[in-house]
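Novice: Sharing a structure here in C-alpha cells format.
The values are calculated or read from the model by the stated rules, or taken from the named source; none is laboratory data. What you are looking at is a predicted structure, and each value in this text was computed from that prediction instead of being measured. Ideal geometry is used to build each Cβ from the backbone, glycine not excepted, and the neighbour counts take in all protein chains shown. Accessible surface is based on the protein model in full, side chains and every heavy atom, while ligands, DNA and RNA are left aside. Shrake-Rupley method; radii C 1.70, N 1.55, O 1.52, S 1.80 Å.
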Amino acid sequence: MAPQNDEERPLLRSDDDPEVDSQYSRTTQKVQFDDDDEENPRAWSGRKKIVNVAIIALMAILSPLASSMFTPGISQIAKDLNTSEQSVIATTTGFVIMLGFGPLFMAPLSETFGRRMLYIWGFSIFTIFVPETLDLKILPE
C-alpha cells in the first residue's frame, strides 16, 4: 500500500482500537501525533507559532473591518460612483450576509479537502479578481 500524504493520513484515533477511524464510531476519539511529526503544533518553533497565529488573526479581523470601515463615507461613495446610497448599502449588506453564509459552504469542503487547499484556492481567486476590480476605473487617477 502506498504511503498516504499529510492530507490523507487520519489524525483521529479511537481510544478503543487505533485501527478504527470511522466517522460513525461512537467511541471517543482524540488527535494524536507521532513524536517526530512536523504537523504537530506543539513541536513547532516559537516563530512558526507566532506567524500562524498572526496570519489567522489578521484574516479574522479584516473581514468585519472591511464591511464597516467605509460606512461613514457611504454618501461620498454613492456620489463618486454615480449611484444611490441604497445601492452602496445593499452591496455592503450582501457582503455581510455572505460572511455569514460562506462558512456554511466552506466548512464541509474543508472537512473533505482540508483547510490548506481552500485557503490556497480562495486567496488565488481573490488575487485574480482584485486587479480586475481596479481596472474598472473606480479609483481616481
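Novice: Need a quick list: helices (runs of 4 or more DSSP H) entirely within segment 40-120 having at least 2 residues that are aromatic (Phe, Trp, Tyr) and under 30 Å from residue 30 (Cβ atoms).
Specialist: Details: elements: 46-68, 74-80, 85-113.
Helices (runs of 4 or more DSSP H) meeting the threshold: 85-113.
Novice: If we scan segment 28-49, do we find a residue that is out of contact with any Ser or Thr (no Cβ under 9 Å at 6 or more places or on another chain), under 20 Å from residue 126 (Cα atoms) and hydrophobic (A, V, I, L, M, F, W, C)?
Specialist: Scanning segment 28-49 turns up no residue that is out of contact with any Ser or Thr (no Cβ under 9 Å at 6 or more places or on another chain), under 20 Å from residue 126 (Cα atoms) and hydrophobic (A, V, I, L, M, F, W, C).
Novice: Please specify each residue of segment 55-88 satisfying the condition of being open to solvent by 80 Å² or more (accessible area, probe 1.4 Å), among the aliphatic types (A, V, I, L, M) and more than 20 Å from residue 123 (Cβ to Cβ).
Specialist: 69, 81
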